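Accompanying notes for the structure given below.
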Amino acid sequence: MILFQSKKRSLILCALLAGFCASAQIQDSLQQNKQEQEDNVKYPVLQIKGLFQARYLVGMAKDVDVNGLHHADGSGTSNNFMLKYMRIQVRAQISKRTEVVALANLADFKNDPKSRVLENAYLKYTFNPKLAFTVGQFRPWFGIEETYPIDIIKSLDWSNQYTEFGKLGWTSFQIGLSATGQLQLGQIPFQYAISVVNGNGKNQVNDNDNGKQYSTRLLFGLSKKYNFNVGLNGGIGEVFSKKVYAVGIDLSSLIKFDPKWSLDMQLEAKQATNHVLYNSVVPELRPTNPDEYLIRGVYFLPNVRYEINHKNLSAFELSCRYEYLDTNFRLNSNPRQTITPMFGLEFLKNYGARIQLGVQFDRYKHQVENTSQYNNNLFIVQVQSRF
């Protein structure tokens, strides 16, 4: 009997030891599940997004059409329904580190589609958060507006400054190569972007000369509490064998007063060689140095947001952007000042559906008949849906 009990205790002890050894060999379940999820992903992973955006415009200035062009004879369209965007974006994650993105605006078929329609078309390879390469047609970072899409903009449209610098090859969609990343400088979050592009816009068969435009953006997060960031932008390049440059600085902040009220502010200033205007002058009349033709602009955009979180209404926003832009301030200065107050209602979160109402007031120092350099007041109703 004593021998039987001793054998029983020995069997129980062996079973416990075997169970302990087995449990010691089992990996952490969370780590194992995470690794299994990564290993079980079947590439490519496709994601499709879209944007619909339409407007109704009413020109409120005499003899000025909805595009801001003055007509001394009284002709021109003073009201218009307009389809601005019908975008489709396809994002293909083809490996853990590689993605390919294509973005097309189908609404551009209403114009000559040869240099339009296709907007983004690039491949991005991410080594780690500190370094990623993008090649193809994309928006090189050179200011605040390049870092977010049109569908979450706080005003009516891109700033006049952004549009003009896009014509100069520094912003908007360009063809080239870019390196981006983010890291910590001590306690300061830091992001960078270094880009080299052709500089002659999107959907071009070839560069229009042998020159390239090199730009960089450095972004410093100086206050986490107020989401206060400072961006420094600079670029040099060569266009038709002439040296060109661009510089800029931008400030942004997001202050949350409570869970419902917040204030978003953007301030941006830029200056650059206006080589497009320089090269439009006949060679016999243009100076040797293209820096005689300089563009300078600044804008300030505050936006107040209130989260309602009702089943039919998510939030409302109120913004008022002030812009100052002079496309040739050294030789033939005629600054344009634009004030755009906007009121927006958001019906789905993350701007999934919203309606905006506003007025764009344009004022020039000198009005020029039968040109777009003419004072104008434009009323806008805009609707959009993201999907």
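The values are calculated or read from the model by the stated rules, or taken from the named source; none is laboratory data. Bear in mind the structure is a predicted one, so any value in this text is a computation, not a measurement. Neighbour counts are summed over all protein chains in view; Cβ atoms, including those assigned to glycine, are modelled from backbone coordinates with ideal geometry. Note: areas computed on protein heavy atoms with side chains; ligands, DNA, RNA excluded. Shrake-Rupley method; radii C 1.70, N 1.55, O 1.52, S 1.80 Å.
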Check your understanding: Any idea what the dipole of the chain comes to, in debye rounded to 20, about its Cα centre with Lys/Arg Cβ at +1 and Asp/Glu Cβ at -1?
Key -> 1560 debye
Point to revise | Hypothetical label at LEU232: residues of region 138-176 whose amide nitrogen lies under 14 Å (7 Å Cα-Cβ projection) | key: none
Check your understanding: Taking Cα pairs under 8 Å and at least six residues apart, what relative contact order does region 234-387 come out at, in percent?
Key -> 15 percent
Point to revise | Backbone HN-Hα couplings from phi across region 231-237 [Karplus 6.51/-1.76/1.60, Hz, Gly and Pro as x] | key: x, 10, 10, x, x, 9, x
Point to revise | Peptides 136-143, 360-367 ordered by average Cβ neighbours within 10 Å, highest first | key: 136-143, 360-367
Review point. Based only on Cα atoms, what Rg/Rh ratio does the chain have, Rh being taken as Kirkwood's radius?
Key: 1.14
Study note, to complete from the structure: Simple spin-label estimate for PHE133/LEU254, 7 Å along Cα→Cβ, in nm, reads 3.2 nm
Practice item. Post the alpha-carbon centroid distance, region 284-354 to region 63-88, in whole angstrom. Key: 19 Å
Review point. So how do 269-277, 156-164, 101-109, 66-74 stack up, highest first, on mean other-Cβ count within 10 Å?
Key: 269-277, 156-164, 101-109, 66-74
**Study point:** Relative contact order [Cα under 8 Å, 6+ residues apart], region 113-160, whole percent
**Key:** 25 percent
Study note, to complete from the structure: Rounded to whole angstroms and listed largest first, the alpha-carbon spread of region 191-255 along its three principal axes comes to 47, 24, 14
Check your understanding: Say we join alpha carbon atoms closer than 10 Å with springs in a Gaussian network model of the chain; which of GLU119, GLU284, GLU317 then has the biggest fluctuation?
Key -> GLU284
Exercise for review: Give the Rg (one decimal place) followed by the Dmax (whole number) of region 293-358, computed from C-alpha coordinates and expressed in Å.
Suggested key: 17.0, 56
Exercise for review: Report, to the nearest whole %, how much of the accessible area of region 299-356 belongs to carbon and sulfur atoms, 1.4 Å probe, protein only.
Suggested key: 61 percent
Point to revise | Label-point gap, in nm, between ASP207 and TYR192 - each point 7 angstrom along Cα→Cβ | key: 2.3 nm
**Study point:** Relative contact order computed over the chain (Cα-Cα under 8 Å; 6+ residues apart), in percent
**Key:** 13 percent
Practice item. Quantify how much of the Cα-Cα distance distribution of region 256-387 extends past 24 Å, in percent. Key: 48 percent
Point to revise | Centre separation in Å (Cα based) which lies between region 109-159 and region 358-384 | key: 27 Å
Study note, to complete from the structure: Karplus-derived 3J(HN,Hα) from phi for region 263-274 (6.51 cos²θ - 1.76 cosθ + 1.60, θ = phi - 60°), whole Hz, x at Gly and Pro, runs 10, 10, 10, 10, 9, 9, 9, 9, 8, 7, 5, 8
Practice item. Beyond 17 Å, what share of the Cα-Cα pairs of region 244-328 is found? Please give it as a whole percent. Key: 62 percent
Practice item. Choose one answer from VAL368, VAL244, VAL58: the residue with the largest mean-square fluctuation in a GNM of the chain with alpha-carbon springs under 10 Å. Key: VAL368
Practice item. With springs only between Cα atoms under 10 Å apart, run a GNM on the chain and tell me which of LEU219, LEU331, LEU123 wobbles the most. Key: LEU331
Revision key, fill the gap. When all Cα-Cα pair distances of region 62-216 are considered, the percent exceeding 24 Å is 44 percent
